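Contents: one structure, followed by commentary.
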Amino acid sequence: MTFEQLYSELNYVNHSREKRNYYATIVLNNLELLPTLLEVVFTVDDKISARAAWLFEFVAREDLDAILPYLDIYIEKMQTVHLDPAVRPMAKVAEYLIEAYYHKNPNQTKERLTKKHREKITEACFDWMISDQKVAVKAYSMRSLFLLGKEFDWIHEELIIILERDYLSQSAAFKARARDLIKRIKKARK
């Protein structure tokens, strides 16, 4: 499927779980479509890129190993995404990768996600935390940073500063997640 054909199909994707799942299954059954899907995802000034990002997130959720050959592309370009509906899936995929990397069981992500990748994800998550993003993006970023902070000890200190600084001006969902993470970080320090 060419870029143009996939782009045209993405016009039929909407935010419903059913549609996203339907088209993500097409990609999962034809993994050679992933580079083309990513090309659309990173056409960042086009609203269709958000629809492609939704599919990319569904593919990652269903088969994280499928996206591993494209880690360099994803990691290098994830911060270029700026449309609100597209940023959330980028942050969620980062969270999937970080959760898999720090999972106790062996997996492909542990073998493929390099220190440089983890550093770039750290940078993206901090950028999302300090910029004007929706609460879901911040929540995924918080979780990723919390896990990354177990490896890079400076992260927890910076994360606490941001969480405490933004606490009063954020939503109830942000506050609940922030309270929990602050408590967990402080408990781990003891």
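The values are calculated or read from the model by the stated rules, or taken from the named source; none is laboratory data. Remember, it's a predicted structure, so these values are computed and weren't measured experimentally. Cβ: placed from backbone, ideal geometry, glycine included. Neighbour counts: every protein chain shown. Side chains are part of the model used for accessible areas, which takes the heavy atoms of the whole protein and leaves out ligands, DNA and RNA. Shrake-Rupley method; radii C 1.70, N 1.55, O 1.52, S 1.80 Å.
The figures follow:
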read-out: Neighbours by Cβ (under 9 Å, 6+ apart or cross-chain): first from region 150-163, outside any helix (DSSP H, G or I); second open to solvent by less than 10 Å² (accessible area, probe 1.4 Å); value: PHE152/THR122
read-out: Any chance GLU111 is open to solvent by less than 70 Å² (accessible area, probe 1.4 Å) and either more than 21 Å from THR36 (Cβ to Cβ) or in contact with a His (Cβ under 6 Å, 6 or more places away or on another chain) (or both); value: no
read-out: Test set (1) touching a residue at least 24 places away in the same chain (Cβ under 8 Å); (2) open to solvent by less than 30 Å² (accessible area, probe 1.4 Å); (3) aliphatic (A, V, I, L, M); (4) over 18 Å from LEU68 (Cβ atoms) - ILE130 fails condition number; value: (2)
read-out: Scan of region 79-93 for residues that are farther than 13 Å from SER141 by Cα and open to solvent by 40 Å² or more (accessible area, probe 1.4 Å), ordered by number; value: THR80, HIS82, LEU83, ASP84, PRO85
read-out: Of residues in region 11-25 being more than 17 Å from THR36 (Cα to Cα) and basic (Lys, Arg), the one most open to solvent (accessible area, probe 1.4 Å); value: ARG17
read-out: Yes/no for ARG51 being closer than 19 Å to VAL27 by Cα, buried (at least 20 other Cβ atoms within 10 Å of the Cβ) and basic (Lys, Arg); value: yes
read-out: Residue among GLU99, GLU76 that alone is open to solvent by 10 Å² or more (accessible area, probe 1.4 Å), touching a helix residue (DSSP H, G or I) at 6+ places or on another chain (Cβ under 8 Å) and either modelled with pLDDT under 95 or under 16 Å from ASP127 (Cα atoms) (or both); value: GLU76
read-out: Index of the failed condition, PRO35 passing every other in (1) part of a helix (DSSP H, G or I); (2) in contact with a His (Cβ under 9 Å, 6 or more places away or on another chain); value: (2)
read-out: Top-ranked residue in region 111-135 [being at pLDDT 95 or above and not in a helix (DSSP H, G or I); ranked as farthest from ILE98 (Cα to Cα)]; value: THR114
read-out: Candidates LEU64, LEU28 - the one that is surrounded by fewer than 22 Cβ atoms within 10 Å (Cβ to Cβ) and in contact with an Asp or Glu (Cβ under 7 Å, 6 or more places away or on another chain); value: LEU28
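Conditions tested, residue by residue: (1) touching a Lys or Arg at 6+ places or on another chain (Cβ under 8 Å); (2) without any contact (Cβ under 8 Å) to a residue 24 or more places away in the chain; (3) among the acidic types (Asp, Glu); (4) under 16 Å from ALA91 (Cα atoms).
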| position | (1), (2), (3), (4) |
| --- | --- |
| GLN5 | no, yes, no, no |
| SER8 | no, yes, no, no |
| ARG20 | no, no, no, no |
| ILE26 | no, yes, no, no |
| GLU39 | no, no, yes, no |
| SER49 | no, no, no, yes |
| PHE58 | yes, no, no, yes |
